[in-house]
1. Rounded to the nearest 20 Debye, what is the dipole magnitude of the chain about its Cα centre when Lys and Arg each give +1 and Asp and Glu each give -1 at the C-beta?
2. For SER223, tell me the accessible area in Å² from a 1.4 Å probe, rounded to the nearest 10.
3. For the chain, list the cysteines whose Cβ sits under 4.7 Å from no other cysteine Cβ?
4. Which loop-located trypsin sites (Lys or Arg not before Pro) does region 263-314 contain, where loop means any DSSP state but H, G, I, E or B and the Cβ has at most 15 other Cβ atoms within 10 Å?
5. If you restrict to DSSP beta bridges whose two residues both lie in the chain, what percentage is antiparallel, to the nearest 5?
6. Given a Förster distance of 35 Å, report the FRET efficiency between SER299 and ASP106 from their Cβ-Cβ distance, rounded to the nearest 0.05.
7. Exposed loop GluC sites (Glu not before Pro) only (DSSP loop, at most 12 other Cβ atoms within 10 Å): please give the longest stretch of the chain free of them, not including the sites.
8. Give the accessible area for THR152 in Å² (nearest 10); use a 1.4 Å probe, count only protein heavy atoms, and leave out ligands, DNA and RNA.
Amino acid sequence: MITTPVMTLPRSIYIEPTSRCNEFCQQCPRTLLSREEDIDLSFDKFRYIVDQFPVLERVVLHGLGEPLLNKELPRMIRYLKDRGTYVLFNSNGIALTEKVGQALIDNGLDEYRLSMDGSTRETYAHVRGVDAFDKIWRNIRRFVQMQQEQDTQKPAVSLWFTAMRENLHELPGLIDLASDAGVKEVYMQRLVYFEEGLADSKQALFRRSSPEELALIHHCEQSCQEKGIRFKAAGSATPVESIVRDFGDRPWSGCRRPYTHTYITSSGNVLSCCFAPFGHKSAKEYREERVLGNIFQESIEQIWHGETYEAFRRAFESDHPARHCSQCGVNWSY
């Protein structure tokens with residue numbers, strides 16, 4: 001008799017420490033689509049969540065909000081590090097004061113990823129909705145300097161750039177800024193688009209890049225090599241590969257997140273992955289199509305093995321997955 005292997009709980013998860021943010025990014029679903037209420041996840045609720053996972057190898061402490069706005073974030077990091085978990089998050093850097101930066105160092109954060117979508121004050125303000133460019137770079141330079149003074153390599157600091165037609169021309173300048181600040185990794189991300197604001201397919205470079213745009217990216221690869229900076233894309237592809245690859249007729253099918261990852265919002269809603277908040281037009285659609293359960297109402301064991309999650313996985317294996325899955329590999333990338 002053939003038995004079906006038991007699917008264990010994920011060992012890699014996303015937890016949203018807060019749904020609040022101090023920016024109004026013009027390509028973000030938090031700015032442009034319906035969203036959950038603004039709320040910080042308390043430490044007690046955070047602990048209630050993570051204690052339900054027997055093994056946690058990697059936890060990403062970000063979602064649609066700015067993680068540093070939650071004052072209990074350093075305590076969350078320490079709790080995970082005491083379990084032997086690898087911990088990271090993306091941040092806009094506005095609230096990265098010396099005090100906060102020291103707390104991140106002291107509590108063992110593994111990676112700090114700075115989201116930075118322009119190399120000039122004007123472009124940054126246009127894309128991110130706030131005039132904070134100069135403040136952020138003061139913060140990140142001081143943070144790297146603090147690490148150097150304390151002779152610590154953690155957290156590893158990297159810069160994450162969302163590439164659009166609107167801002168691609170500023171990538172070389174951004175690499176120069178990273179080099180001057182002592183940041184050793186730069187990542188070029190594909191735009192996640194859903195036809196609102198700057199999240200418009202006309203802004204996307206994926207399979208639309210001109211020879212000039214590809215040449216600029218190649219130039220950036222060479223520049224990073226000369227400066228000793230690692231230049232990468234999200235996932236395993238190189239920056240050029242990430243915008244030219246063909247995902248085939250079932251572009252979502254290579255993703256394994258339905259079986260290995262989960263995403264928990266600050267309100268406790270369990271989603272399939274970090275792309276699930278993108279593309280919905282109403283709160284009703286979000287709840288009905290993307291929310292697989294709430295961890296404050298059911299255990300993660302019940303949700304992970306429950307009928308709603310199983311129905312989502314069955315659809316994923318078919319030719320008619322959930323809409324946010326059907327767009328994956330095309331409107332965005334796993």
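The values are calculated or read from the model by the stated rules, or taken from the named source; none is laboratory data. The structure presented is a predicted model; accordingly, all values stated were derived computationally and were not measured. Reconstructed Cβ throughout: ideal geometry from the backbone, glycine too, with neighbour counts over all protein chains shown. Just so you know, the surface numbers come from the protein's heavy atoms only, side chains and all, with ligands and any DNA or RNA stripped out. Shrake-Rupley method; radii C 1.70, N 1.55, O 1.52, S 1.80 Å.
1. On the way: 41 positive and 46 negative charges, 62 e Å.
In debye, rounded to 20, the chain gives about 300.
2. 20 Å²
3. CYS21, CYS220, CYS224, CYS255, CYS273, CYS274, CYS325, CYS328
4. Numbers: sites: LYS281, LYS284, ARG287, ARG290, ARG313, ARG314; in loops: LYS281.
Of the trypsin sites (Lys or Arg not before Pro), the ones in loops of region 263-314 whose Cβ has at most 15 other Cβ atoms within 10 Å are LYS281.
5. On the way: 6 of 36 bridges.
Bridges in the chain are about 15 percent antiparallel.
6. Values: r = 33 Å, r/R0 = 0.93.
Calculated transfer efficiency: 0.60.
7. Details: sites that count: GLU37, GLU195.
With GluC sites (Glu not before Pro) excluded where exposed in loops, the chain gives 38-194 as its longest stretch.
8. Roughly 40 Å² of THR152 is accessible to a 1.4 Å probe.
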